[in-house]
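The structure under discussion appears below in the form of C-alpha coordinates.
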Amino acid sequence: MLWFGFSPDYEGLVGPVGAGKLSFFNSINSVFKGYVSMQANTGTAGTSLTTQFRTYFKPGINISHVPFVLCDTMGLEEGVNTGLDVDDFASILNGHIQGIRRQALLSTISGWKPSVSSVKQARILLVGPVGAGKSSFYNSINSAFRGYVSMQANTGTAGTSLTTQFRTYYIRPSNNITHVPFILCDTMGLEDGVNTGLDVDDFASILKGHIQDKYQFNPSMPIQPDSPHFNESPGLKDKIHCVVYVIDIRVKLLPDKIIEKFVIFRKKANQLGIPQLVLLTKVDEACPLVAKDLKNVYQSYYVNKMMQEVSYQLGVSLSAVIPVKNYYQELEIDSPTDILLLNAVVQMLRAAEGYFDDFYNPEERSK
Ligand SMILES: Nc1nc2c(ncn2[C@@H]2O[C@H](COP(=O)(O)OP(=O)(O)OP(=O)(O)O)[C@@H](O)[C@H]2O)c(=O)[nH]1
Ligand SMILES: [Mg+2]
(Lines give C-alpha, C1' and ligand atoms only; values in the text may rest on other atoms or scores of the structure.)
(Ligands and ions follow the chains in the order given, each with its own letter.)
Protein backbone atom coordinates (compact mmCIF):
# COMPACT_ATOMS: atom_id res chain seq x y z
CA MET A 1 0.00 0.00 0.00
CA LEU A 2 1.26 3.45 -0.85
CA TRP A 3 0.68 6.36 1.48
CA PHE A 4 0.62 9.81 -0.09
CA GLY A 5 0.54 12.88 2.14
CA PHE A 6 -0.24 15.85 -0.08
CA SER A 7 -1.26 18.65 2.23
CA PRO A 8 -1.69 19.05 5.98
CA ASP A 9 -5.40 18.55 5.37
CA TYR A 10 -5.60 15.49 3.20
CA GLU A 11 -4.02 12.08 3.14
CA GLY A 12 -4.72 9.83 0.19
CA LEU A 13 -4.90 6.06 0.27
CA VAL A 14 -3.86 4.43 -2.97
CA GLY A 15 -2.94 0.81 -3.59
CA PRO A 16 -3.82 -2.53 -5.22
CA VAL A 17 -7.22 -4.18 -4.76
CA GLY A 18 -7.50 -5.72 -1.29
CA ALA A 19 -4.30 -4.09 0.05
CA GLY A 20 -6.15 -2.79 3.11
CA LYS A 21 -6.84 0.86 2.31
CA LEU A 22 -10.31 0.89 3.83
CA SER A 23 -9.37 -1.32 6.74
CA PHE A 24 -6.69 1.26 7.45
CA PHE A 25 -9.34 4.01 7.53
CA ASN A 26 -11.56 1.89 9.80
CA SER A 27 -8.59 1.25 12.11
CA ILE A 28 -7.63 4.94 12.35
CA ASN A 29 -11.29 5.82 12.94
CA SER A 30 -11.47 3.17 15.70
CA VAL A 31 -8.39 4.61 17.43
CA PHE A 32 -10.02 8.06 17.42
CA LYS A 33 -13.43 6.77 18.56
CA GLY A 34 -12.09 4.48 21.27
CA TYR A 35 -14.00 1.46 19.92
CA VAL A 36 -13.76 -0.71 16.80
CA SER A 37 -15.68 1.00 13.99
CA MET A 38 -16.41 -0.56 10.62
CA GLN A 39 -17.94 2.41 8.84
CA ALA A 40 -16.42 1.72 5.45
CA ASN A 41 -17.22 -1.51 3.59
CA THR A 42 -14.30 -3.92 3.52
CA GLY A 43 -13.81 -7.39 2.10
CA THR A 44 -12.62 -9.24 -0.99
CA ALA A 45 -14.49 -9.28 -4.24
CA GLY A 46 -11.97 -9.92 -7.04
CA THR A 47 -12.27 -6.41 -8.40
CA SER A 48 -12.20 -3.33 -6.21
CA LEU A 49 -14.90 -3.32 -3.52
CA THR A 50 -14.55 0.47 -3.24
CA THR A 51 -15.82 2.03 -6.43
CA GLN A 52 -16.34 5.56 -5.15
CA PHE A 53 -13.92 8.28 -4.20
CA ARG A 54 -14.65 8.93 -0.52
CA THR A 55 -13.30 11.42 2.01
CA TYR A 56 -13.51 10.67 5.69
CA PHE A 57 -12.95 12.73 8.80
CA LYS A 58 -14.73 12.47 12.12
CA PRO A 59 -13.89 14.12 15.45
CA GLY A 60 -14.33 11.78 18.44
CA ILE A 61 -15.93 12.51 21.81
CA ASN A 62 -12.86 14.11 23.37
CA ILE A 63 -11.38 15.41 20.14
CA SER A 64 -12.97 18.44 18.58
CA HIS A 65 -10.79 18.63 15.50
CA VAL A 66 -9.07 15.96 13.43
CA PRO A 67 -6.48 17.85 11.37
CA PHE A 68 -6.49 15.48 8.39
CA VAL A 69 -8.93 13.90 5.97
CA LEU A 70 -8.43 10.33 4.74
CA CYS A 71 -9.33 9.95 1.09
CA ASP A 72 -10.13 6.45 -0.10
CA THR A 73 -9.90 5.36 -3.72
CA MET A 74 -10.76 2.42 -5.91
CA GLY A 75 -8.08 -0.30 -5.96
CA LEU A 76 -5.33 -0.49 -8.60
CA GLU A 77 -5.76 -3.40 -11.04
CA GLU A 78 -3.36 -4.91 -13.57
CA GLY A 79 -5.43 -4.54 -16.72
CA VAL A 80 -6.12 -1.55 -18.94
CA ASN A 81 -9.36 0.31 -18.12
CA THR A 82 -9.75 -1.48 -14.82
CA GLY A 83 -9.23 -0.17 -11.31
CA LEU A 84 -8.11 3.37 -10.50
CA ASP A 85 -7.22 5.31 -13.61
CA VAL A 86 -4.11 7.50 -13.78
CA ASP A 87 -6.12 10.54 -14.98
CA ASP A 88 -8.54 10.23 -12.06
CA PHE A 89 -5.49 9.92 -9.78
CA ALA A 90 -4.12 13.20 -11.19
CA SER A 91 -7.51 14.89 -10.76
CA ILE A 92 -7.63 13.79 -7.13
CA LEU A 93 -4.12 15.20 -6.53
CA ASN A 94 -5.14 18.50 -8.07
CA GLY A 95 -8.23 18.70 -5.86
CA HIS A 96 -10.55 18.51 -8.86
CA ILE A 97 -12.64 15.78 -7.30
CA GLN A 98 -14.97 17.98 -5.33
CA GLY A 99 -15.54 15.93 -2.16
CA ILE A 100 -11.98 16.53 -0.92
CA ARG A 101 -12.09 20.27 -1.22
CA ARG A 102 -15.45 20.52 0.54
CA GLN A 103 -14.36 18.28 3.42
CA ALA A 104 -11.03 20.09 3.72
CA LEU A 105 -12.79 23.46 3.96
CA LEU A 106 -15.19 22.12 6.62
CA SER A 107 -12.21 20.69 8.48
CA THR A 108 -10.30 24.00 8.26
CA ILE A 109 -13.33 25.93 9.56
CA SER A 110 -14.11 23.57 12.42
CA GLY A 111 -10.45 23.60 13.48
CA TRP A 112 -10.23 27.39 13.58
CA LYS A 113 -10.36 29.29 16.85
CA PRO A 114 -9.82 32.94 17.77
CA SER A 115 -6.39 33.71 19.21
CA VAL A 116 -8.04 35.43 22.21
CA SER A 117 -9.25 32.95 24.83
CA SER A 118 -12.24 35.05 26.00
CA VAL A 119 -13.84 34.70 22.56
CA LYS A 120 -15.03 31.33 21.28
CA GLN A 121 -16.74 32.44 18.06
CA ALA A 122 -16.01 35.17 15.51
CA ARG A 123 -18.97 37.52 15.02
CA ILE A 124 -19.43 38.24 11.34
CA LEU A 125 -21.83 41.03 10.34
CA LEU A 126 -23.69 41.00 7.02
CA VAL A 127 -24.73 44.43 5.67
CA GLY A 128 -25.80 45.52 2.22
CA PRO A 129 -28.61 46.80 0.01
CA VAL A 130 -32.14 45.36 0.21
CA GLY A 131 -32.38 42.02 -1.58
CA ALA A 132 -28.60 41.52 -1.94
CA GLY A 133 -28.79 38.04 -0.40
CA LYS A 134 -27.72 38.59 3.25
CA SER A 135 -30.34 36.30 4.78
CA SER A 136 -29.91 33.79 1.94
CA PHE A 137 -26.18 33.66 2.73
CA TYR A 138 -26.94 32.62 6.31
CA ASN A 139 -29.39 29.97 5.03
CA SER A 140 -26.79 28.76 2.55
CA ILE A 141 -23.98 28.44 5.09
CA ASN A 142 -26.34 26.66 7.45
CA SER A 143 -27.24 24.28 4.61
CA ALA A 144 -23.59 23.64 3.74
CA PHE A 145 -22.95 22.64 7.37
CA ARG A 146 -26.09 20.53 7.74
CA GLY A 147 -25.70 18.70 4.46
CA TYR A 148 -29.22 19.59 3.25
CA VAL A 149 -30.92 22.81 2.15
CA SER A 150 -32.33 24.72 5.11
CA MET A 151 -34.30 27.97 4.84
CA GLN A 152 -34.47 29.18 8.44
CA ALA A 153 -34.23 32.93 7.74
CA ASN A 154 -36.97 34.64 5.72
CA THR A 155 -35.81 35.66 2.28
CA GLY A 156 -37.44 37.16 -0.78
CA THR A 157 -38.20 40.49 -2.39
CA ALA A 158 -40.51 43.07 -0.89
CA GLY A 159 -39.42 46.50 -2.16
CA THR A 160 -38.15 47.54 1.24
CA SER A 161 -36.10 45.28 3.49
CA LEU A 162 -37.70 41.94 4.26
CA THR A 163 -35.44 41.58 7.30
CA THR A 164 -36.40 44.17 9.89
CA GLN A 165 -34.75 42.66 12.99
CA PHE A 166 -31.13 42.30 14.01
CA ARG A 167 -30.48 38.55 14.11
CA THR A 168 -27.50 36.63 15.43
CA TYR A 169 -27.49 33.17 13.91
CA TYR A 170 -25.59 30.22 15.34
CA ILE A 171 -24.94 27.17 13.24
CA ARG A 172 -25.73 23.92 14.96
CA PRO A 173 -22.83 21.46 15.08
CA SER A 174 -23.61 18.38 12.98
CA ASN A 175 -22.27 14.81 12.90
CA ASN A 176 -18.85 15.68 11.53
CA ILE A 177 -18.34 19.02 13.25
CA THR A 178 -18.42 19.48 16.98
CA HIS A 179 -17.74 23.23 17.07
CA VAL A 180 -18.77 25.97 14.65
CA PRO A 181 -16.43 28.88 15.46
CA PHE A 182 -18.49 31.75 14.05
CA ILE A 183 -21.84 33.53 14.33
CA LEU A 184 -23.49 35.27 11.36
CA CYS A 185 -25.31 38.53 12.17
CA ASP A 186 -28.07 39.54 9.75
CA THR A 187 -29.36 43.11 9.42
CA MET A 188 -32.01 45.17 7.69
CA GLY A 189 -31.09 46.15 4.12
CA LEU A 190 -29.58 49.50 3.13
CA GLU A 191 -31.86 51.86 1.21
CA ASP A 192 -30.94 54.98 -0.67
CA GLY A 193 -33.33 57.41 1.10
CA VAL A 194 -32.94 59.22 4.41
CA ASN A 195 -34.58 57.51 7.42
CA THR A 196 -35.04 54.28 5.50
CA GLY A 197 -33.16 51.02 5.79
CA LEU A 198 -30.27 50.40 8.17
CA ASP A 199 -29.17 53.55 9.94
CA VAL A 200 -25.49 54.45 10.40
CA ASP A 201 -25.87 54.95 14.17
CA ASP A 202 -27.42 51.50 14.51
CA PHE A 203 -24.56 50.12 12.41
CA ALA A 204 -22.03 51.69 14.82
CA SER A 205 -23.95 50.29 17.83
CA ILE A 206 -23.89 46.80 16.30
CA LEU A 207 -20.13 47.04 15.68
CA LYS A 208 -19.55 47.94 19.32
CA GLY A 209 -21.72 45.06 20.53
CA HIS A 210 -24.57 47.16 21.95
CA ILE A 211 -27.39 45.58 19.94
CA GLN A 212 -28.72 42.17 20.92
CA ASP A 213 -30.49 39.44 18.98
CA LYS A 214 -34.04 40.18 17.74
CA TYR A 215 -33.84 43.97 18.08
CA GLN A 216 -36.53 45.47 15.84
CA PHE A 217 -34.91 48.22 13.75
CA ASN A 218 -36.66 51.57 13.55
CA PRO A 219 -35.31 53.42 10.49
CA SER A 220 -36.45 56.81 11.82
CA MET A 221 -34.69 56.44 15.18
CA PRO A 222 -31.53 54.56 16.21
CA ILE A 223 -31.51 52.23 19.25
CA GLN A 224 -31.80 54.03 22.60
CA PRO A 225 -29.89 52.98 25.74
CA ASP A 226 -33.18 52.22 27.54
CA SER A 227 -34.15 49.61 24.92
CA PRO A 228 -34.35 46.06 26.37
CA HIS A 229 -32.11 44.97 23.47
CA PHE A 230 -29.36 47.46 24.38
CA ASN A 231 -26.28 45.87 25.95
CA GLU A 232 -24.61 48.60 28.01
CA SER A 233 -21.31 46.89 28.65
CA PRO A 234 -20.45 44.58 25.77
CA GLY A 235 -17.36 42.38 26.00
CA LEU A 236 -14.96 41.56 23.18
CA LYS A 237 -17.09 38.51 22.33
CA ASP A 238 -20.16 40.72 21.68
CA LYS A 239 -18.41 43.08 19.27
CA ILE A 240 -18.22 42.55 15.52
CA HIS A 241 -14.95 41.00 14.39
CA CYS A 242 -15.48 41.14 10.62
CA VAL A 243 -17.90 43.17 8.46
CA VAL A 244 -19.10 41.70 5.18
CA TYR A 245 -20.70 44.02 2.61
CA VAL A 246 -23.12 41.90 0.60
CA ILE A 247 -23.70 43.04 -2.99
CA ASP A 248 -25.72 41.57 -5.86
CA ILE A 249 -23.31 41.05 -8.78
CA ARG A 250 -26.04 42.01 -11.28
CA VAL A 251 -26.21 45.59 -10.00
CA LYS A 252 -23.80 47.26 -12.41
CA LEU A 253 -23.77 50.64 -10.71
CA LEU A 254 -24.67 51.07 -7.06
CA PRO A 255 -26.82 54.19 -6.49
CA ASP A 256 -24.81 57.21 -5.27
CA LYS A 257 -26.73 57.33 -1.99
CA ILE A 258 -25.86 53.69 -1.24
CA ILE A 259 -22.19 54.37 -2.06
CA GLU A 260 -22.28 57.36 0.30
CA LYS A 261 -23.67 55.14 3.07
CA PHE A 262 -20.99 52.55 2.39
CA VAL A 263 -18.29 55.24 2.66
CA ILE A 264 -19.62 56.27 6.11
CA PHE A 265 -19.94 52.63 7.21
CA ARG A 266 -16.41 51.89 6.03
CA LYS A 267 -15.08 54.86 7.98
CA LYS A 268 -16.80 53.66 11.18
CA ALA A 269 -15.51 50.12 10.78
CA ASN A 270 -12.00 51.40 10.00
CA GLN A 271 -12.02 53.59 13.13
CA LEU A 272 -12.80 50.49 15.19
CA GLY A 273 -10.11 48.45 13.41
CA ILE A 274 -12.61 45.92 12.02
CA PRO A 275 -11.58 44.03 8.83
CA GLN A 276 -14.05 44.27 5.97
CA LEU A 277 -14.81 42.03 3.01
CA VAL A 278 -17.24 42.15 0.10
CA LEU A 279 -19.46 39.21 -0.81
CA LEU A 280 -20.64 39.29 -4.43
CA THR A 281 -23.80 37.17 -4.58
CA LYS A 282 -25.88 35.69 -7.40
CA VAL A 283 -22.88 34.79 -9.56
CA ASP A 284 -25.12 32.10 -11.08
CA GLU A 285 -26.93 34.93 -12.85
CA ALA A 286 -23.78 36.83 -13.82
CA CYS A 287 -23.02 35.22 -17.19
CA PRO A 288 -23.94 32.11 -19.22
CA LEU A 289 -20.54 30.49 -18.57
CA VAL A 290 -21.10 30.49 -14.81
CA ALA A 291 -24.82 29.72 -15.15
CA LYS A 292 -23.77 26.55 -17.01
CA ASP A 293 -21.11 25.52 -14.53
CA LEU A 294 -20.36 27.31 -11.27
CA LYS A 295 -16.79 25.99 -11.38
CA ASN A 296 -16.11 28.59 -14.11
CA VAL A 297 -16.57 31.45 -11.69
CA TYR A 298 -12.92 32.55 -11.61
CA GLN A 299 -12.61 32.16 -15.39
CA SER A 300 -15.56 34.43 -16.10
CA TYR A 301 -14.63 37.78 -17.66
CA TYR A 302 -17.86 39.33 -16.35
CA VAL A 303 -17.36 38.10 -12.76
CA ASN A 304 -13.78 39.37 -12.76
CA LYS A 305 -14.85 42.72 -14.19
CA MET A 306 -17.53 43.10 -11.51
CA MET A 307 -15.09 42.09 -8.76
CA GLN A 308 -12.75 44.87 -9.92
CA GLU A 309 -15.62 47.35 -10.24
CA VAL A 310 -16.85 46.70 -6.70
CA SER A 311 -13.33 46.76 -5.28
CA TYR A 312 -12.89 50.20 -6.87
CA GLN A 313 -16.32 51.56 -5.85
CA LEU A 314 -16.00 50.51 -2.23
CA GLY A 315 -12.26 51.03 -1.91
CA VAL A 316 -11.41 47.50 -0.82
CA SER A 317 -8.62 45.36 -2.27
CA LEU A 318 -9.54 42.89 -5.00
CA SER A 319 -8.52 40.00 -2.74
CA ALA A 320 -11.24 41.10 -0.29
CA VAL A 321 -14.01 40.52 -2.87
CA ILE A 322 -15.50 37.01 -2.70
CA PRO A 323 -17.93 35.63 -5.30
CA VAL A 324 -20.66 33.20 -4.15
CA LYS A 325 -23.92 31.66 -5.17
CA ASN A 326 -26.50 31.16 -2.44
CA TYR A 327 -29.00 28.34 -2.24
CA TYR A 328 -32.28 30.01 -3.09
CA GLN A 329 -34.37 27.53 -5.07
CA GLU A 330 -32.45 24.27 -4.83
CA LEU A 331 -33.75 21.23 -3.00
CA GLU A 332 -30.35 19.59 -2.53
CA ILE A 333 -26.90 20.95 -1.72
CA ASP A 334 -24.12 20.52 -4.28
CA SER A 335 -20.34 20.56 -3.97
CA PRO A 336 -19.40 23.51 -6.25
CA THR A 337 -21.88 25.77 -4.41
CA ASP A 338 -20.71 24.55 -1.01
CA ILE A 339 -17.07 25.08 -1.97
CA LEU A 340 -17.60 28.76 -2.86
CA LEU A 341 -19.69 29.31 0.28
CA LEU A 342 -17.25 27.58 2.63
CA ASN A 343 -14.31 29.33 1.00
CA ALA A 344 -16.07 32.63 1.78
CA VAL A 345 -16.30 31.58 5.46
CA VAL A 346 -12.58 30.71 5.51
CA GLN A 347 -11.78 34.20 4.15
CA MET A 348 -14.01 35.76 6.83
CA LEU A 349 -12.30 33.82 9.62
CA ARG A 350 -8.89 34.83 8.31
CA ALA A 351 -10.01 38.46 8.26
CA ALA A 352 -11.39 38.15 11.82
CA GLU A 353 -8.04 36.68 12.86
CA GLY A 354 -6.47 40.01 11.87
CA TYR A 355 -8.85 41.75 14.28
CA PHE A 356 -7.94 39.43 17.14
CA ASP A 357 -4.24 39.89 16.40
CA ASP A 358 -4.64 43.48 17.63
CA PHE A 359 -5.70 42.11 21.03
CA TYR A 360 -3.11 39.39 21.06
CA ASN A 361 -1.41 39.01 24.35
CA PRO A 362 0.85 35.97 24.82
CA GLU A 363 -0.36 35.69 28.45
CA GLU A 364 -4.00 35.41 27.36
CA ARG A 365 -3.52 33.09 24.42
CA SER A 366 -6.31 30.73 23.38
CA LYS A 367 -5.56 27.21 24.68
N1 LIG B 1 -30.08 33.66 -8.41
C2 LIG B 1 -29.79 33.94 -7.14
N3 LIG B 1 -30.73 34.49 -6.35
C4 LIG B 1 -30.42 34.76 -5.06
C5 LIG B 1 -29.12 34.48 -4.53
N6 LIG B 1 -29.09 34.89 -3.24
C7 LIG B 1 -30.33 35.39 -2.97
N8 LIG B 1 -31.13 35.31 -4.06
C9 LIG B 1 -32.52 35.80 -4.17
O10 LIG B 1 -32.51 37.18 -3.87
C11 LIG B 1 -33.66 37.56 -3.15
C12 LIG B 1 -33.29 38.35 -1.91
O13 LIG B 1 -32.56 37.56 -1.03
P14 LIG B 1 -32.50 37.83 0.56
O15 LIG B 1 -31.57 36.84 1.14
O16 LIG B 1 -33.87 37.91 1.14
O17 LIG B 1 -31.83 39.27 0.57
P18 LIG B 1 -31.50 40.20 1.83
O19 LIG B 1 -30.19 40.85 1.55
O20 LIG B 1 -31.60 39.43 3.09
O21 LIG B 1 -32.66 41.29 1.71
P22 LIG B 1 -33.36 42.22 2.85
O23 LIG B 1 -33.50 41.44 4.11
O24 LIG B 1 -34.67 42.55 2.22
O25 LIG B 1 -32.47 43.40 3.00
C26 LIG B 1 -34.41 36.27 -2.81
O27 LIG B 1 -35.52 36.18 -3.68
C28 LIG B 1 -33.42 35.17 -3.11
O29 LIG B 1 -34.08 34.04 -3.61
C30 LIG B 1 -28.13 33.89 -5.40
O31 LIG B 1 -26.96 33.65 -5.04
N32 LIG B 1 -28.54 33.65 -6.69
MG1 LIG C 1 -32.74 39.70 4.79
Enumeration of residues in region 254-292 that are of a type in the set (Gly, Ala, Ser) and not in a helix (DSSP H, G or I): 273, 286
Quick one: in region 151-167, of everything that is under 14 Å from residue 132 (Cα atoms) and surrounded by fewer than 17 Cβ atoms within 10 Å (Cβ to Cβ), which residue is farthest from ligand 2 (Cβ to nearest atom)? 159
Subset of region 139-192 (residues that are more than 16 Å from the chain's Cα centre (by Cα) and either outside the structural domain of residue 341 (by TED's automatic domain parsing) or among the charged types (D, E, K, R) (or both)): 167, 191, 192
Just the residues that are surrounded by 13 or more Cβ atoms within 10 Å (Cβ to Cβ) and part of a loop (DSSP other than H, G, I, E, B), please, taken from region 201-216. 208, 209, 210, 212, 213
Restricting region 263-290 to residues that are within 11 Å of residue 249 (Cα to Cα) and charged (D, E, K, R), the one surrounded by the most Cβ atoms within 10 Å (Cβ to Cβ) turns out to be 282
Selected residue (only one of 149, 119, 80 is within 13 Å of ligand 1 (Cβ to nearest atom) and either more than 20 Å from residue 343 (Cα to Cα) or part of a loop (DSSP other than H, G, I, E, B) (or both)): 149
Can you pull out every residue in region 172-225 that is more than 16 Å from ligand 1 (Cβ to nearest atom) and closer than 19 Å to residue 279 by Cα? 182, 183, 207
Look at region 181-197 and say how many of its residues are part of a loop (DSSP other than H, G, I, E, B), at pLDDT below 95 and either crowded, with 22+ Cβ neighbours inside 10 Å or small (Gly, Ala, Ser) (or both). 1
Based on what the data block shows, is residue 156 within 10 Å of ligand 1 (Cβ to nearest atom), farther than 30 Å from residue 108 by Cβ, assigned to a loop (DSSP other than H, G, I, E, B) and without any contact (Cβ under 8 Å) to a residue 12 or more places away in the chain? yes
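For (1) within 26 Å of residue 325 (Cα to Cα); (2) hydrophobic (A, V, I, L, M, F, W, C); (3) assigned to a strand (DSSP E or B); (4) more than 16 Å from ligand 2 (Cβ to nearest atom), each residue gets a yes or a no:
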| position | (1), (2), (3), (4) |
| --- | --- |
| 218 | no, no, no, yes |
| 226 | no, no, no, yes |
| 233 | no, no, no, yes |
| 247 | yes, yes, yes, no |
| 252 | yes, no, no, yes |
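The values are calculated or read from the model by the stated rules, or taken from the named source; none is laboratory data. Everything numeric here is computed off the predicted structure, so don't read it as measured data. We place every Cβ from the backbone using ideal geometry, glycine too, and count neighbours over all the protein chains shown.
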